[in-house]
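> There's a structure below that I have some questions on.
The values are calculated or read from the model by the stated rules, or taken from the named source; none is laboratory data. Computed from a prediction, not measured in an experiment: that's the story for all the values here. Reconstructed Cβ throughout: ideal geometry from the backbone, glycine too, with neighbour counts over all protein chains shown.
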Amino acid sequence: MKTELVFAIPKGRILEEALPLLARAGIEPEPAFADESSRALQFATNVPGLSLIRVRAFDVATFVAHGAADLGIAGNDVLMEFAYSEIYAPVDLGIGHCRLSVAEPAEMAAGDDPRSWSHVRVATKYPNLTSQHFAARGVQAECVKLNGAMELAPRLGLTQRIVDLVSSGRTLKENGLVEVEKIADVTSRLIVNRAAFKTKAAAIAPWIERFREAAGAA
Ligand code: PRP
């Protein structure tokens with residue numbers, strides 16, 4: 001009997017970069033997968049037994065950590081935030097390049113040194129990384145958890161700083177914010193549920209090699 005494998009892919013920006021990588025690894029999803037207007041969430045592929053699910057970036061790690069998905073593509077931002085012991089992340093896929101940074105209103109930033117702050121209120125999707133980052137500098141961070149549109153928080157007086165992903169820098173610029181400190185460089189990794197890697201080794205191990213080759217060939 002063919003081993004059933006579920007592979008979780010993040011929707012949004014990473015999906016576009018993931019499609020050529022999946023193709024190089026030999027995975028051709030059914031056409032609806034690349035159509036973000038489709039309401040379907042699980043998709044067949046040309047590989048017998050292998051289906052794809054399309055979920056939010058943070059949820060990829062949740063599905064894989066709990067073994068609901070065997071494989072996934074997740075940013076190291078998400079992996080660091082949750083530090084799931086159940087996830088093995090063997091391959092840097094070289095896609096989704098961005099950085100996790102602290103930003104603040106441009107008018108505050110001139111001569112501002114994050115090391116001189118004693119307490120900060122920060123809007124972020126990453127309360128753990130944010131608290132750890134500031135704690136290592138002796139600064140206590142009070143995090144306001146948002147799930148998107150972080151850049152609005154300073155403008156509307158919710159917080160003065162944000163910690164969020166920055167790629168082109170356009171979202172910060174258009175909202176009057178500047179980057180003051182980088183917390184981490186981010187790329188996407190192939191992730192695997194550790195228990196599935198043991199019980200379905202013959203099915204999963206070749207995918208790790210294929211994605212290593214597909215990422216190297218980019
Ligand atoms: C991300 C991130 C920033 C933006 C940065 O959001 O949260 O808002 O991209 O990119 P830029 O530097 O190129 O402007 P995304 O568009 O992925 O959507 P999200 O808010 O749903 O996470």
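> Determine whether segment 137-154 contains at least one residue that is touching an Asp or Glu at 6+ places or on another chain (Cβ under 7 Å) and within 30 Å of GLU86 (Cβ to Cβ).
Looking for residues that are touching an Asp or Glu at 6+ places or on another chain (Cβ under 7 Å) and within 30 Å of GLU86 (Cβ to Cβ), one finds at least one in segment 137-154, hence yes.
> Within segment 184-192, does at least one residue satisfy the condition of being at pLDDT below 95 and more than 15 Å from the ligand (Cβ to nearest atom)? Step through it out loud before you land on a result.
In the first step, residues of segment 184-192 are kept if they are at pLDDT below 95; the result is none.
Among the residues of segment 184-192, not one is at pLDDT below 95 and more than 15 Å from the ligand (Cβ to nearest atom), which makes the answer no.
> On to the next question. Can you pull out every residue in segment 107-137 that is assigned to a strand (DSSP E or B) and either surrounded by 17 or more Cβ atoms within 10 Å (Cβ to Cβ) or at pLDDT 95 or above (or both)?
Residues satisfying the conditions are VAL120, ARG121, VAL122, ALA123, THR124.
Residue-wise test of (1) modelled with pLDDT under 95; (2) away from the ligand (no atom under 16 Å from the Cβ); (3) part of a loop (DSSP other than H, G, I, E, B).
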site: ALA153; (1), (2), (3): no, no, no
site: THR159; (1), (2), (3): no, no, yes
site: SER168; (1), (2), (3): no, no, yes
site: LEU172; (1), (2), (3): no, no, no
site: VAL178; (1), (2), (3): no, no, no
site: ALA195; (1), (2), (3): no, yes, no
site: LYS198; (1), (2), (3): no, yes, no
site: ALA202; (1), (2), (3): no, yes, no
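> Determine the pairs where a residue that is over 22 Å from ASP77 (Cβ atoms) and in a strand (DSSP E or B), located within segment 40-59, has a partner that is of a type in the set (A, V, I, L, M) and modelled with pLDDT under 95 with Cβ atoms under 7 Å apart, the partner being 6 or more residues away or on another chain.
Matching pairs, first to second residue: PHE43/ALA32.
> Turning to a different aspect of this structure: Any residue at all in segment 138-147 that is within 14 Å of the ligand (Cβ to nearest atom) and either basic (Lys, Arg) or not in a loop (DSSP other than H, G, I, E, B) (or both)?
Going through segment 138-147, the residues within 14 Å of the ligand (Cβ to nearest atom) turn out to be 145-147.
Then keep just the ones that are either basic (Lys, Arg) or not in a loop (DSSP other than H, G, I, E, B) (or both); that gives 145.
Yes.
> Search segment 188-206 for residues being in contact (Cβ under 8 Å) with a residue 12 or more places away in the chain and of a type in the set (D, E, K, R), and hand back the single one that is nearest to LYS2 (Cα to Cα).
The initial filter retains those residues of segment 188-206 that are in contact (Cβ under 8 Å) with a residue 12 or more places away in the chain, namely 188-197, 200, 202-204.
Next cut, of a type in the set (D, E, K, R) only: 189, 194, 200.
Details: ARG189: 26, ARG194: 20, LYS200: 11 Å.
Top of the filtered list is LYS200.
> So, one more: Just a yes or no: is a residue in segment 121-138 in contact with a Pro (Cβ under 9 Å, 6 or more places away or on another chain) and β-branched (Val, Ile, Thr)?
no
> Quick check on my filter: what residues within segment 37-57 are over 20 Å from LYS200 (Cα atoms) and touching a helix residue (DSSP H, G or I) at 6+ places or on another chain (Cβ under 7 Å)?
The initial filter retains those residues of segment 37-57 that are over 20 Å from LYS200 (Cα atoms), namely 37-43, 54-57.
Scanning segment 37-57 gives SER38, ALA40, PHE43, ARG54, VAL55, ALA57.
> Next question, about the same structure. What do you reckon, is GLU104 over 29 Å from GLU16 (Cβ atoms), touching a strand residue (DSSP E or B) at 6+ places or on another chain (Cβ under 6 Å), within 16 Å of the ligand (Cβ to nearest atom) and not in a helix (DSSP H, G or I)? Spell out how you get there, then give the answer.
Details: over 29 Å from GLU16 (Cβ atoms): yes; touching a strand residue (DSSP E or B) at 6+ places or on another chain (Cβ under 6 Å): yes; within 16 Å of the ligand (Cβ to nearest atom): yes; not in a helix (DSSP H, G or I): yes.
Against the criterion (over 29 Å from GLU16 (Cβ atoms), touching a strand residue (DSSP E or B) at 6+ places or on another chain (Cβ under 6 Å), within 16 Å of the ligand (Cβ to nearest atom) and not in a helix (DSSP H, G or I)), GLU104 qualifies.
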